[in-house]
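In what follows, a single structure is set out as structure tokens and then discussed.
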Amino acid sequence: AGKFYQHAPTETSQATLASVSPVFAVMKFDKEGNTTYFEKKKTELYQELGLQARDLRFQHVMSISTRNNRIIMRMEFLKAVITPEFLLILDYRNLSLEHWLLNELASQLAGEGQLVTYSLPFEFRAIEAILQYWISKLQGRLNTLQPQILETLEALVDPKLLSVDRSKLHILLQNGKSLSELETDVKVFKETILEILDEEEVIEELCLSKWTDPQVFEESTSGIDHAEEMELLLENYYRQAEDLLNEARELRVLIDDSESIIFINLDSHRNVMMRLNLQLTMGTFSVSLFGLIGVAFGMNLESSLEEDPRIFWLVTGIMFLGSGLMWRRLLSFLGRHLEPPLPPHVPAVLKKSQPAAGRVEIKTSLKGETFGLSRGTLTNQ
């Protein structure tokens with residue numbers, strides 16, 4: 001009785017776990033492209049496939065692994081199990097994913113698509129179809145971001161603008177964040193493939209039919225190395241991921257350069273406003289300085305000058321003329337100190353005396369990629 005009560009809670013807990021185990025919505029594809037749909041519990045599914053429970057614990061990560069002559073592919077929300085006879089897509093209830101599954105994947109697995117591996121075993125076609133879908137999805141994200149970023153940068157870099165549109169900056173910030181996420185996804189995809197390429201044993205294990213189909217094994221021993229075909233397939237998509245990452249990096253560099261140009265334009269307009277403010281300050285100083293003459297005549301003190309009817313126009317003319325000359329003088333002083341100095345003149349031919357050893361002429365071609373320098377001749381005596 002004691003043993004019975006001891007094991008009863010364990011059996012109850014196992015029954016409870018079995019009743020609440022997750023149910024997978026599975027789409028199955030065979031070699032001919034035929035599709036079937038069914039739902040099955042996780043425990044039943046991994047037992048039928050000969051896998052362990054942790055093999056079907058799909059997190060939102062990216063990985064490609066093999067176990068018990070099965071290929072397990074995790075591409076974030078895309079979860080697949082590949083066998084030599086069929087392909088299983090788990091938890092496929094996604095709008096974009098269903099469109100690809102129904103319209104493209106079945107025909108590609110049947111050999112009607114544009115896959116390069118249509119003449120190779122089934123697992124080659126399945127792996128290439130999934131990798132092609134994922135790289136095309138990443139390329140589509142870049143194609144969506146690129147025109148938006150270029151359009152926003154073109155509007156922000158305009159030198160005629162005296163201020164920056166904050167709405168454009170907000171759009172650029174969002175696009176930059178999306179570009180960073182895209183770069184991260186491409187890096188993870190590339191590193192996942194690179195880890196497989198570095199392990200020859202893993203590449204051999206990916207060739208499932210080589211170890212189950214006698215005909216394929218004979219072909220591999222007769223000269224058709226399926227491991228090399230698998231390596232070439234992975235290298236192809238590794239190069240595509242590398243090209244995609246380079247395009248994203250170029251777009252990132254363009255954003256950084258455009259930000260520098262935006263800051264330069266803003267600094268230029270700020271300098272113009274500061275110079276205008278300084279000029280107005282100089283004008284105010286000049287008028288105030290010669291306005292002291294009018295202040296002197298405005299005092300309630302008597303002198304003989306106020307009796308002369310021409311003295312008003314004389315004093316007024318002196319005030320305006322003196323203020324103008326003073327302002328002009330200050331502006332010329334400001335211009336001399338704000339204009340950049342001219343670069344020093346470098347003679348094209350340098351002459352230098354050397355000991356009596358004859359005349360030696362050395363011609364050097366100076367290639368100025370940045371400043372457009374012309375060819376010069378250096379003559380040494």
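Which residues, counting only those in the stretch 47-68, are within 19 Å of Ala126 (Cβ to Cβ) and either of a type in the set (Ser, Thr, Tyr) or open to solvent by less than 50 Å² (accessible area, probe 1.4 Å) (or both)? The answer is Leu49, Gly50, Leu51, Asp55, Leu56, Phe58, Met62, Ser63, Ile64, Ser65, Thr66. Scanning the stretch 249-291 for residues that are touching a Phe, Trp or Tyr at 6+ places or on another chain (Cβ under 7 Å) and either among the small types (Gly, Ala, Ser) or exposed (fewer than 14 other Cβ atoms within 10 Å of the Cβ) (or both) yields Gly283, Ser286. Candidates Trp134, Trp100: the one that is assigned by the TED database to the domain that holds Lys187 and either surrounded by fewer than 19 Cβ atoms within 10 Å (Cβ to Cβ) or at pLDDT 80 or above (or both) is Trp134.
Among the residues of the stretch 107-124, which ones are under 15 Å from Lys210 (Cβ atoms) and in a helix (DSSP H, G or I)? Listed by number, the residues that qualify are Phe122, Glu123, Phe124. Cβ-Cβ under 7 Å, sequence separation 6+ or interchain: first residue in the stretch 222-251 and on the phi > 0 side of the Ramachandran plot and in the same structural domain as Ile127 (by the TED database), partner in a helix (DSSP H, G or I) and not charged (D, E, K, R). Which pairs? No pair meets every condition.
Screening Ile127 on (1) at pLDDT 85 or above; (2) open to solvent by 30 Å² or more (accessible area, probe 1.4 Å) shows it passes everything except condition (2). Contact map, the stretch 302-320: residues that are farther than 14 Å from Leu289 by Cα paired with residues that are open to solvent by 80 Å² or more (accessible area, probe 1.4 Å) and at pLDDT 80 or above, Cβ distance under 7 Å, separation 6+ or inter-chain. No pairs are found.
The values are calculated or read from the model by the stated rules, or taken from the named source; none is laboratory data. Note that the coordinates shown come from a computational prediction; the quantities given were computed from them, not determined experimentally. Because the Cβ atoms are built from the backbone with ideal geometry, glycine has one as well, and the counts that use them run over all protein chains shown. Protein only, heavy atoms only, side chains kept; ligands, DNA and RNA dropped before computing areas. Shrake-Rupley method; radii C 1.70, N 1.55, O 1.52, S 1.80 Å.
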